[in-house]
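Below is one structure, written out as structure tokens; comments come after it.
The values are calculated or read from the model by the stated rules, or taken from the named source; none is laboratory data. Everything quoted here is computed from the prediction, not taken from an experiment. Cβ: placed from backbone, ideal geometry, glycine included. Neighbour counts: every protein chain shown. Areas reflect the complete protein model, heavy atoms only, side chains present, ligands, DNA and RNA absent. Shrake-Rupley method; radii C 1.70, N 1.55, O 1.52, S 1.80 Å.
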Amino acid sequence: MSDPVGNLQYCFTHLVSYIVDTPEACMLACVCSNTLPIMTAMYEDFGDPYHHLPHTVTTTLTQLSSIKCDILDVNQYFAACEPFRLSGISHPFWRNWLLAEPSKFLTPESLHKWHCQFWDHDVHWCKQALSAAELDF
């Protein structure tokens, strides 16, 4: 890209937001589906009072680099990824992207999240509180 004086400059964009649903967020964060893509909590930890650490680039790349097996041997590689709850992606696209942090750039798809929040939680609560017959949808 050229600057106002006409000199050519290298420009590197920051990865600020990547709008995704949960399965895609897990894929991009390189974690299994029952693991939070932005925190180190697993499905067994949901609801506990402990504040889990964010799922960081350093953690993910360190775990990936600690796996010492042939990536082309899929069964062996997946077995080596399992203790870390990694999905098996060996080279995430954001690994060399400066300041890319999945726990910060993965943002939920707002409309989908609001819809799920309403139908899965709010309506269920209203049905319990008022009864399904009282609600006229």
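Miscellaneous remarks
- P(r) for the chain, from all Cα pairs and a bin width of 5 Å, is 2, 9, 14, 15, 15, 11, 10, 8, 6, 5, 3, 1, 1, 0, 0 %, short bins first.
- Only helical runs count toward this figure. For the chain, summing -39,500 (n - 2.57) over DSSP H runs of n ≥ 4 and dividing by all residues gives -8500 deg cm²/dmol at 222 nm.
- Solvent-accessible area, 1.4 Å probe, carbon plus sulfur percent, for the chain: 61 percent
- Taking a straight line from the alpha carbon of LYS104, these lysines sit under 21 Å away, with near neighbours fewer than eight places off in the same chain left out: LYS113.
- The stretch 1-85: chymotrypsin sites (Phe, Trp or Tyr not before Pro) falling in loop per DSSP and having at most 13 other Cβ within 10 Å: TYR10, PHE12, PHE46, TYR50
- Under the simplified labelling scheme, the HIS124-MET39 pair shows an inter-label distance of 1.7 nm, with each label point 7 Å from Cα along Cα→Cβ.
- Degrees, to the nearest 10: 57-66 long Cα axis against longest axis of the chain: 70 degrees
- Residue-normalised accessible area of the chain, given per residue in Å² at a 1.4 Å probe: 73 Å²
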